[in-house]
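The values are calculated or read from the model by the stated rules, or taken from the named source; none is laboratory data. Given the structure is predicted, the values throughout are model-derived calculations rather than measurements. Please note: Cβ atoms are built from the backbone with ideal geometry, for glycine as well, and neighbour counts cover all protein chains shown.
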Amino acid sequence: MSSAIDPRQLAAGAEPRPNAGPLRRALASPMGAFGLTIVAIIVILALFAGLLAPYDPLKIDVVHKLEGPSAAHWIGTDNLGRDTLSRIFYGARVALGVACVSIGLAMIAGLLLGLVAGYGPRWLDGILVLFFDSMSALPMIMFALAVITVLGPGTGTLILVIALVSIPGYGRLVRAQTLGLKRSDFIVAERSLDAGPARIILVHLLPNVVGPLIILASMDIPVVIMLEAGLSFLGLGVRPPTPSWGSILYDGYNALRSSTTLVIAGGLPLVLATLGFTFLGEALRDGLDPKLQRRGLR
Amino acid sequence: MNTLLGIANLSVSFPLSSGLLDMFSADREWHLRVLEDISLDLGQGETLGLVGESGSGKTTLARAVLGLVPRSAGTITFDGEAIAGRSDRAFRTMRRKAAMMFQDPVASLSPRRKVGALLVEPHIIHGEPLIDRAEAAARLLALVGLPAAFADRYPHELSGGQARRVGVARALALNPKMVLADEPTAGLDVSVQGEILNLMARLKGEFGLSYIVVTHNLALIRHVSDRLAIMYLGRLVEVGATADIFRMPRHPYTRALLEAEPIPDPRRRRASLAIEGEIPSILNRPVGCEFHTRCAVARDRCRGQAPEFTRYAPGCAVRCHYPLE
């Protein structure tokens, strides 16, 4: 029986090594691999939209409006005869661009505010926590509508709104970690050398709190993509004629009686992007949490 | 002998809560009194052992000396200068001339920085000129017997003994006058303990250091310290020359502590004054002498009246109504 293969061994061999890097572990799960594939495709589309798109996404061709899929226009044209495929490619650029810039801003602001709240004087902590709590008490969409009403719709406003509503999440996460690290030996050791608060925060606390932020960001991206699409659908986000998945969806909604292609074409990328980023984020989170290693990744 | 560090009537207490109740309560009842009325001197070139059970306040005292824990009362004089106030600024000069070694050698090194960067950090913080960082780091590593290649390692890549050496090197970076060593041998195996102690002794000779060594390891302290300070529940109970205290402890607690040390001889009997139970909660200090709940020779007076810290010879004092003869 020595040649018999124990199926358990096979299964064990297929599992990633427990000490493999968190990234490798995350991507070894089917969910993580699927998420990464979709995210990679969207990123490539966004980066190389200019090369990959068969047409200018803004070129109006009224003669061929609302056409179904054809050899010339693979997934048809919209109500102004613009090539839907090209608009989806460029829409990826808008969706990712808005998400990355706004989340990047929120991360930086949340990082600094959270560090100051966690390490700084207590009264400042009180003020910042009050700010975080009040921000998250506001319904996101209502706050977005209010700011857009004041500042007027546009990509800049959109980014500002998303960054503002995302700050509390990052700020709280950083603050909680900072509070935990504040009394740790190495921070007290730095203080014993007379390191000032700026040095302690920037050199010693900051590198130790960014890790979880990245996971939070990867899980925030789908939310932001949906928010951007939702506001653009309502005409409050990216201004036409710039292509956004939300505005493609809106055009499709108006043309629903004559063609369903456009609605599907606008909706499918949204669904896929949301799923892809969510799966990737969850796989990353599970991979970075050593306690979940053994359990497998659902 | 010149006094390097003078601590007088030092107390540390923390508010128990910062809620509404505080406004209505008497001041001291809602404070956690961690250190009470500590007076202690450290001479130039002297090694002082700070001994006591877990929770007796040894580490807090060491930290309060450097202002890492704010003092609520008392004065600290270092190198002829009184520390005015509790701010970081007030302790700036002192933190340059006095360094601390922490109990957990690995955890006290910033995890995302390389050893080389950690070693030159004191220079950077205090604005000391530093021509060649790599060379300065290598010099400090050589001082504690580590190869220069360690500068490129991260703290988690060090063993306990290596991290301890890095801690020593870091403490010595700015040629301090005093080093506060918190359990310098904790977590090290015996051979490495010996190496670290020899290293500390050699550096003391080379740099004319004064040490405060915080420990509960009596065998260790007996060999390294000139004087001992015994702490119980945040108070000093006995201070004296190490040899005298080991020969004839005067406080029943000191005696019990010394007798609790294992004797490597199975035929010798365990002694009479062994204490039982746990150290009382600092939230609920016993009335009178704080040790009376566990003291083998406590009398009625001990339960009612707190003893004073009484000097009986220069540099020797005991807090007991009935010191042992």
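Output the residue which, of all residues in the stretch B:123-139 that are within 11 Å of B:Leu174 (Cα to Cα) and either among the β-branched types (Val, Ile, Thr) or touching a residue at least 60 places away in the same chain (Cβ under 8 Å) (or both), is nearest to the other protein chains (Cβ to nearest Cβ). Looking at the filtered set, the residue picked out is B:Ile125. Has the stretch B:281-296 got any residue that is at pLDDT 85 or above, surrounded by fewer than 15 Cβ atoms within 10 Å (Cβ to Cβ) and either on the phi < 0 side of the Ramachandran plot or not aliphatic (A, V, I, L, M) (or both)? Yes; the residues of the stretch B:281-296 include at least one that is at pLDDT 85 or above, surrounded by fewer than 15 Cβ atoms within 10 Å (Cβ to Cβ) and either on the phi < 0 side of the Ramachandran plot or not aliphatic (A, V, I, L, M) (or both).
Restricting the search to the stretch B:66-104, which residues are facing chain A (nearest Cβ under 10 Å) and either among the aliphatic types (A, V, I, L, M) or closer than 24 Å to B:His223 by Cα (or both)? Steps first, please.
Step one: of the stretch B:66-104, the residues facing chain A (nearest Cβ under 10 Å) are B:66-69, B:88-89, B:91-96, B:98-104.
Selection gives B:Leu66, B:Leu68, B:Val69, B:Met94, B:Ala98, B:Ala99, B:Met100, B:Met101, B:Phe102, B:Gln103, B:Asp104.
Of everything listed in (1) over 30 Å from B:Ala317 (Cα atoms); (2) of a type outside the set (D, E, K, R); (3) under 21 Å from the mean Cα position of the chain (by Cα); (4) assigned to a helix (DSSP H, G or I), the single unmet condition for B:Leu174 is (4).
What number of residues in the stretch B:145-155 are modelled with pLDDT of 90 or more, surrounded by fewer than 20 Cβ atoms within 10 Å (Cβ to Cβ) and either among the aromatic types (Phe, Trp, Tyr) or out of contact with any Leu (no Cβ under 6 Å at 6 or more places or on another chain) (or both)?
The number of residues fulfilling the criteria is 5.
The set of residues in the stretch A:192-205 being surrounded by fewer than 20 Cβ atoms within 10 Å (Cβ to Cβ) and within 10 Å of chain B (Cβ to nearest Cβ) consists of A:Gly196, A:Pro197, A:Arg199, A:Val203.
Taking the condition at pLDDT 90 or above and of a type in the set (Lys, Arg), does B:Arg235 pass?
Numbers: at pLDDT 90 or above: yes; of a type in the set (Lys, Arg): yes.
So B:Arg235 fits the description; yes.
Residues of the stretch B:69-107 that are in contact with a His (Cβ under 9 Å, 6 or more places away or on another chain) and free of Cβ contacts under 8 Å to residues at least 12 places away in the same chain: B:Arg92 alone.
Here B:Ser110 meets the list (1) within 13 Å of another protein chain (Cβ to nearest Cβ); (2) small (Gly, Ala, Ser); (3) under 18 Å from the mean Cα position of the chain (by Cα) almost entirely, failing just condition (3). When residues in the stretch B:140-157 are screened for being within 14 Å of another protein chain (Cβ to nearest Cβ) and part of a helix (DSSP H, G or I), 3 of them pass. Filtering the stretch B:307-321 to residues that are free of Cβ contacts under 8 Å to residues at least 40 places away in the same chain, surrounded by fewer than 17 Cβ atoms within 10 Å (Cβ to Cβ) and assigned to a loop (DSSP other than H, G, I, E, B) leaves B:Glu308, B:Pro314. Of all residues in the stretch B:44-66, those satisfying the criterion of being touching a Ser or Thr at 6+ places or on another chain (Cβ under 7 Å) and outside any loop (DSSP other than H, G, I, E, B) are B:Thr47, B:Leu48, B:Gly49, B:Val51.
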